[in-house]
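Below is one structure; the comments refer to it alone.
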Amino acid sequence: MLADVRSSHSFAVRMPSGITGQPVLIVGLMSGTSADGIDAAVTEIREGKVHLRAKLRGHAYLKYKPVLRRRILETCLQGTVSEVCELNFVLGRHLARAALRVIAQAGLEPREIHAISSHGQTVHHLPWGKPPATLQIGEPAVIAEETGILTVADFRVRDVAAGGQGAPLVSYADWSLFTDRKRPRVIQNLGGIGNLTFLPPSARIGEVLAFDTGPANMVIDAVVSELTSGKSQYDRNGMLAARGKVSDSLLSKMMAHPFLGRRPPKTTGREEFGSAFVEPVINEVTRMGLNTEDAVATVTAFTAETIADACRRFVFPRLRGSVSTEVQFILGGGGAKNHTLARMIRERVGRGEWLSHGDFGIPESAKEAMAFAILGYETLRGKNSNVPSATGARHGAILGKIILP
Ligand SMILES: Nc1ncnc2c1ncn2[C@@H]1O[C@H](COP(=O)(O)OP(=O)(O)O)[C@@H](O)[C@H]1O
Ligand SMILES: [Mg+2]
């Protein structure tokens, strides 16, 4: 019976492209490098005059159980082929469950959803590999099978194939959602990795600057977990860091990492800022006799300083000349809830007007899932959605692979 229903949905009927002007509903799914869980966002999208318009209709978060989180992190680091193979299907099921949950929470039925658009889980990102390569898993065939909904997934690989870094991809959605006619804006995401999008006033897509600033929560999470013997996985609301004193000598050692000196386009991941980076930091903490609060304050200041440094070198020089209004900063991602981190970023950046995604009606943690809904929408419309000026790709490209329901 189910099979009959599915085969009656022809590709053309399910494609949103035939209904220009009508809003479509797309579920965006995101599981970031923190491997904390899946954010799912039912997003209503319609065409606008210059940019498309997107409204959040529902947001759900499916937290990974600690054993699954550990399995993901271990597989990212040194998974065997069979472990990667199995995890691809395990995560496909979790992604499908997250999609069905957010649809139900939004008071909708699966048949009202035009598409699911899934980022999946990055298990490896090698923008400097020979050849450059990236791998996201969370099998979209499983998502389409279990939900009966057309699924778009695996966005990064096409940009890499076109000579880009495959990241940051969210900058396209930032451009769609946040470009202002008068104000220059910086959108700073604080996920496992931090990424920055700079939008000059009335930016055309070719004027968007975006790159990874370095780790945002990745090092903080790892240090908190190590120093609390696994009791805490992250510094809730920045409370540990708030009580500590920053070690300037450890901070300047951390700032010497070669990634931070590189010019954009640049992206990074757990390969560079996972245990290979954290273990020597923990050794220094022990050698210097820093207590937990001081260590966490120092790695939090490190994230803030990487962002301030990136602004000074790559963003602020572009604010001279024609741009006269003060730049607005919009923080997002799970790290925006770390009050100490947000305060340190403001202090170290030292200028600007500070806003949150909440000021635009977007919960911090829903933003990236919404961004992938936007990317999936463009794919189904046959439109390019990478930002070559950000990823370094040779040309614009239609991203993603489509699984029919
Ligand atoms: N209340 C909070 N206080 C401090 N940090 C938080 C809080 N909530 C989430 N985080 C941080 O945000 C991370 C998840 O952020 P997220 O945007 O989902 O990143 P990713 O895209 O890498 O999954 C967590 O691992 C944690 O470090
Ligand atoms: Mg996450």
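What follows draws every value from the coordinates through simple rules; no lab data is involved. Please read these numbers as outputs of a predicted model, since none were measured by experiment. So basically every Cβ, Gly included, is an ideal-geometry build from the backbone, and we count neighbours across all protein chains shown.
Around Thr134, which amide H atoms from residues at least 5 apart in sequence, or from another chain, sit under 5 Å from its own amide H, with H modelled in the peptide plane?
Leu126
Per residue of the range 231-244, in order, report the coupling 6.51 cos²θ - 1.76 cosθ + 1.60 (Karplus, θ = phi - 60°) as ³J(HN,Hα) in whole Hz, putting x for Gly and Pro.
Going residue by residue, I get 5, 10, 9, 7, 8, 4, 6, x, 5, 5, 4, 4, 8, x Hz, with x marking Gly and Pro.
Counting Lys and Arg as +1 and Asp and Glu as -1, what is the net charge of the other residues whose Cβ lies under 9 Å from the Cβ of Ala54?
After counting each charged neighbour, the total is +2.
Indicate, rounded to the nearest 5 percent, the antiparallel portion of the DSSP beta bridges found entirely in the range 170-360. Intermediate values should be presented prior to the final figure.
Details: 12 of 21 bridges.
Restricted to the range 170-360, the bridges split so that about 55 percent are antiparallel.
Quick one: if you take sqrt(5λ) for each eigenvalue of the C-alpha gyration tensor of the chain, what semi-axes come out, biggest first, whole angstrom?
Working from the Cα gyration tensor, I get semi-axes of 34, 25, 19 Å.
Where both residues lie in the chain, what percent of DSSP beta bridges are antiparallel, nearest 5? Mind showing how you got there, number by number?
Working: 37 of 54 bridges.
About 70 percent, rounded to the nearest 5.
Given the -39500 (n - 2.57) contribution per DSSP H run of 4+ residues, what per-residue ellipticity at 222 nm results for the chain, rounded to the nearest 500 deg cm²/dmol?
Result for the chain, helices only: -11500 deg cm²/dmol.
Once you charge only the Cβ atoms, +1 for Lys and Arg and -1 for Asp and Glu, what is the size of the charge dipole of the range 170-360 about its Cα centre, to the nearest 20 debye? Walk me through the intermediate numbers first.
Working: 24 positive and 20 negative charges, 126 e Å.
With only Lys, Arg, Asp and Glu charged at Cβ, the dipole is about 600 debye.
Build a GNM of the chain with springs between Cα atoms under 10 Å: which of Asp248, Asp221, Asp309 gets the top mean-square fluctuation?
In the Gaussian network model the winner is Asp248.
Hey, rough spin-label estimate for Thr286 and Val84, points 7 angstrom out along Cα→Cβ, what's it come to in nanometres?
Label at Thr286, label at Val84, 3.1 nm between them.
Give the aspartates and glutamates whose C-alpha is closer than 16 Å to that of Lys367, dropping any in the same chain fewer than 8 places away, or say none.
Asp36, Asp39, Glu44, Asp174, Asp359
Where the only charges are on Cβ atoms (+1 Lys, Arg; -1 Asp, Glu), what is the dipole of the chain about its Cα centre, to the nearest 20 debye?
Using Cβ point charges on Lys, Arg, Asp and Glu, the chain gives about 900 debye.
Karplus couplings for the range 32-40 from phi (6.51 cos²θ - 1.76 cosθ + 1.60, θ = phi - 60°), rounded to Hz, Gly and Pro as x?
In residue order, the calculated couplings are x, 5, 5, 6, 7, x, 10, 9, 10 Hz.
Less than 14 Å Cβ to Cβ from Leu290, Lys/Arg counted +1 and Asp/Glu -1: what total charge do the surrounding residues give?
The answer is -1.
Which of these, Val299, Val24, Val67, has the largest mean-square fluctuation under a Gaussian network model of the chain (Cα springs below 10 Å)?
Looking only at Val299, Val24, Val67, the biggest GNM fluctuation is shown by Val67.
What do you get for the angle between helix 367-380 and the principal long axis of the chain? Use alpha-carbon atoms, 0 to 90 degrees, nearest ten.
The helix 367-380 is inclined about 40 degrees to the chain.
Could you list which residues have their amide H under 5 Å from that of Thr43, counting only those 5 or more apart in sequence or on another chain, with H placed in the peptide plane?
The list, which skips near neighbours in sequence, is Ile26, Val27, Gly28, Arg57.
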